[in-house]
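Take a look at the structure below.
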Amino acid sequence: MDLSIETAAPNRIGSKSHIPTISERRLVMNRIGGVGIAWYRKEDYERVRAISDDVHTFPDTFEDWEKRAEERREEMLKLGHVVIKAYIDPDTFPTWCRANRYKVDSKGRMVFASAEAHRVTSHVHKD
């Protein structure tokens, strides 16, 4: 699975250039967790739609989907979340869904993205 992690640290109110102190960094690291988002590559988008039980919920084009997804990702980053892009591979995702007893639909994609976010962030020290 190919994942990318993007984060945005919230600034202090009234300060656009606040650099977090070591104590603030430790606090953030102690509370780190990731928000997973199902993500698609342009070259896979039509195949992901084709294998999905809920194809009617997808935007018609990759560009329309990407615009909406980037807006959601930016909202989460602004709230200070760690955002994990969980890429859906149309060759392996149906097998993952069957193995985990999910349909190839929005719920399956959501659970997969959440599981990937947990997997990626679970090794972070949280004392």
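Derivation of every value follows stated rules applied to the coordinates shown; laboratory data play no part. Given the structure is predicted, the values throughout are model-derived calculations rather than measurements. Note that each Cβ is placed from the backbone with ideal geometry, even for glycine, and that neighbours are counted across all protein chains shown.
For Val35, nonlocal amide neighbours, meaning residues 5 or more places apart or on other chains whose placed amide H falls under 5 Å from its own, are Val82, Val83, Ile84. Shown is the FRET efficiency for Lys103 and Asp64, computed with R0 = 25 Å from the Cβ-Cβ distance and rounded to the nearest 0.05: 0.60. Sequence-distant contacts, meaning Cα pairs under 8 Å at least 6 residues apart, place the relative contact order of the range 69-127 at 31 percent.
The HN-Hα couplings worked out from phi for the range 40-51 by the Karplus form 6.51 cos²θ - 1.76 cosθ + 1.60 (θ = phi - 60°) are 10, 8, 3, 5, 9, 4, 5, 5, 4, 4, 5, 8 Hz, whole numbers, x standing for Gly and Pro. For the range 81-127, applying the loop criterion from DSSP together with a ceiling of 14 other beta carbons within 10 Å to the chymotrypsin sites (Phe, Trp or Tyr not before Pro) yields no site. Per the Debye formula on identical point scatterers at the alpha carbon atoms of the range 29-111, with no solvent, log10 I(q)/I(0) at q = 0.18, 0.19, 0.27 Å⁻¹ is -0.80, -0.88, -1.37.
Residues whose amide H falls under 5 Å from that of Val104, counting only those 5 or more places apart or on a different chain, are Asp53, with hydrogens built in the peptide plane.
Within the range 58-127, the trypsin sites (Lys or Arg not before Pro) that combine a DSSP coil assignment with at most 11 other C-beta atoms in a 10 angstrom radius are Arg101, Lys126.
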